[in-house]
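Here is the structure we will look at.
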2 protein chains.
Amino acid sequence: MAKNIFVPNPTSVTVDCVVFGMDARSSDLRILLIQRELEPYRGRWALPGGFVRFDESLAEAARRELDEETGLVGVFLEQLFTFGDVGRDPRGRVISVAYYALVNLDEHNPQASTDARSAAWFSVAEAPKLAFDHQGILQTALARLKGKLRYEPIGFELLPAKFTLSQLQRLYETVLEGPLDKRNFRKKVLSLGLLVDLNEFETGVAHRAARLYRFDETKYKQLKKKGFLFEL
Amino acid sequence: MAKNIFVPNPTSVTVDCVVFGMDARSSDLRILLIQRELEPYRGRWALPGGFVRFDESLAEAARRELDEETGLVGVFLEQLFTFGDVGRDPRGRVISVAYYALVNLDEHNPQASTDARSAAWFSVAEAPKLAFDHQGILQTALARLKGKLRYEPIGFELLPAKFTLSQLQRLYETVLEGPLDKRNFRKKVLSLGLLVDLNEFETGVAHRAARLYRFDETKYKQLKKKGFLFEL
């Protein structure tokens, strides 16, 4: 444990995790929340997170808290923004470093444990009122996702291995908060060379079965590195 | 002053400011540094910054510290990243929220005051060895600038009101850390419709006087919002 020799203005530092997942069946963008077991905001839903320990880095704290509160491990967390407004936490001066991640929802079944009564996926559109300033943190994460989508392929982490163009379009529409023209979207997406046509069709649907695609991982990584502009 | 009721793992939180400026004469990308007056790293150059007070937000702290240590005011600071590795500060657990800004160097003549022996602009390429993990913070800011340049027009804040295409190219080359083809660069930049030809020429130069341009502010803001891809 590191020892503090000198602490002007002692402050508490927390981490909070915004974890997005996509429900393949409903094509719904979801967020992972926990129900608080402790005061303040006892019983209220919140982002998974907690206090940073003396002997761990910020990223380590985020991974540990996510695991402890939801059982999710092996998730790639990226730093989002640090929130430090005076009065954002009724307990005193608490500064929170927020992280975010995109995961495949089917692979991550949350399980509540320490400090959390329960953990569950909520539709972003129908999320409950969150504790602290977590609503603002969620909005910041959504804005980041929206910005990213213009310059990078997204979806690899969110969609199932095989997906339809409608599912991909629904993801873009959810993040961009608006409808996209179907023909234009397909033309644009297919022209990027990002997708591999699997020559397979979805099964167990009432409507006409749609064609299944997967991402070309090499091309996906290339575009992620090189950047592109997805003009809408 | 906010009062802390409950402080698990008291930590100190600082802000650090990476301020880039461009020397119009040498077309050199510069960084604003201060020389530390106090231990640790007494006498060493460092990023301007300091401890966050109880009664101010993180952004307020960054603005205050920048003013106190260098005399720079009215600078638009953007949050960069939060650095919180264990052992990054010999005084104990100190987490630093880094901010960055782009300024016109000619308009900002630094003046040292509290906690800083002196403040000065250094060429990024020839910066001295910095205190703490500030070298890493500087690298993160340079990488952010590099990423931004692909998708947004930059230079408005850095260049003088009237500038030559060579100055703009030099800025891009410095940020991208490599030479660009002059003809391609000019063609690309001019095709964006970002620049207004002033029909004026630089004065007081030994070589052939180059044409002066200014940014079209409306177009600049449009492109910043809409995004673009500057392919090199």
In the range A:193-232, anything surrounded by 14 or more Cβ atoms within 10 Å (Cβ to Cβ), among the basic types (Lys, Arg) and modelled with pLDDT under 85 is listed as A:Lys224
- Is one or more of the residues making up the range B:190-211 in contact (Cβ under 8 Å) with a residue 40 or more places away in the chain, in a helix (DSSP H, G or I) and more than 21 Å from B:Leu29 (Cα to Cα)? no
Practice prompt. Scan the range B:130-144 and give yes if some residue there is farther than 30 Å from B:Glu37 by Cα and either of a type in the set (Lys, Arg) or not in a helix (DSSP H, G or I) (or both), otherwise no.
Written response: no
Checked against (1) open to solvent by less than 30 Å² (accessible area, probe 1.4 Å); (2) at pLDDT 90 or above; (3) among the β-branched types (Val, Ile, Thr), B:Val86 satisfies every condition except (1)
Note on A:Arg150: of the conditions (1) assigned to a helix (DSSP H, G or I); (2) open to solvent by 40 Å² or more (accessible area, probe 1.4 Å); (3) within 27 Å of A:Thr14 (Cβ to Cβ), unmet is (3)
Matching residues in the range A:89-107 (surrounded by fewer than 19 Cβ atoms within 10 Å (Cβ to Cβ) and more than 10 Å from every other protein chain (Cβ to nearest Cβ)) number 3
Here the residues within the range B:167-187 that are assigned to a helix (DSSP H, G or I), more than 17 Å from B:Arg30 (Cα to Cα) and either charged (D, E, K, R) or open to solvent by 30 Å² or more (accessible area, probe 1.4 Å) (or both) are B:Lys182, B:Arg183, B:Asn184, B:Arg186, B:Lys187
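Quick grid of which residues meet (1) modelled with pLDDT of 95 or more; (2) surrounded by 17 or more Cβ atoms within 10 Å (Cβ to Cβ); (3) touching a Phe, Trp or Tyr at 6+ places or on another chain (Cβ under 6 Å); (4) away from chain B (no Cβ under 12 Å):
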{"position": "A:Ile5", "(1), (2), (3), (4)": "no, no, no, no"}
{"position": "A:Pro8", "(1), (2), (3), (4)": "no, no, yes, no"}
{"position": "A:Thr11", "(1), (2), (3), (4)": "no, yes, no, no"}
{"position": "A:Thr14", "(1), (2), (3), (4)": "yes, yes, yes, no"}
{"position": "A:Arg30", "(1), (2), (3), (4)": "no, yes, yes, yes"}
{"position": "A:Pro40", "(1), (2), (3), (4)": "no, no, no, no"}
{"position": "A:Pro48", "(1), (2), (3), (4)": "yes, yes, no, yes"}
{"position": "A:Phe54", "(1), (2), (3), (4)": "no, no, no, no"}
{"position": "A:Arg63", "(1), (2), (3), (4)": "yes, yes, no, yes"}
Output for Cβ contacts, cut-off 7 Å, separation at least six or different chains, first residue without any contact (Cβ under 8 Å) to a residue 24 or more places away in the chain in the range A:216-228, second open to solvent by less than 20 Å² (accessible area, probe 1.4 Å) and not β-branched (Val, Ile, Thr), reads A:Asp216/A:Leu194
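The values are calculated or read from the model by the stated rules, or taken from the named source; none is laboratory data. Keep in mind it's a predicted model, so treat the numbers as computed, not measured. Cβ atoms come from the backbone with ideal geometry, glycine included; neighbour counts cover every protein chain shown. Each accessible area value is taken on the protein alone, full model and side chains, heavy atoms only, with ligands, DNA and RNA left out. Shrake-Rupley method; radii C 1.70, N 1.55, O 1.52, S 1.80 Å.
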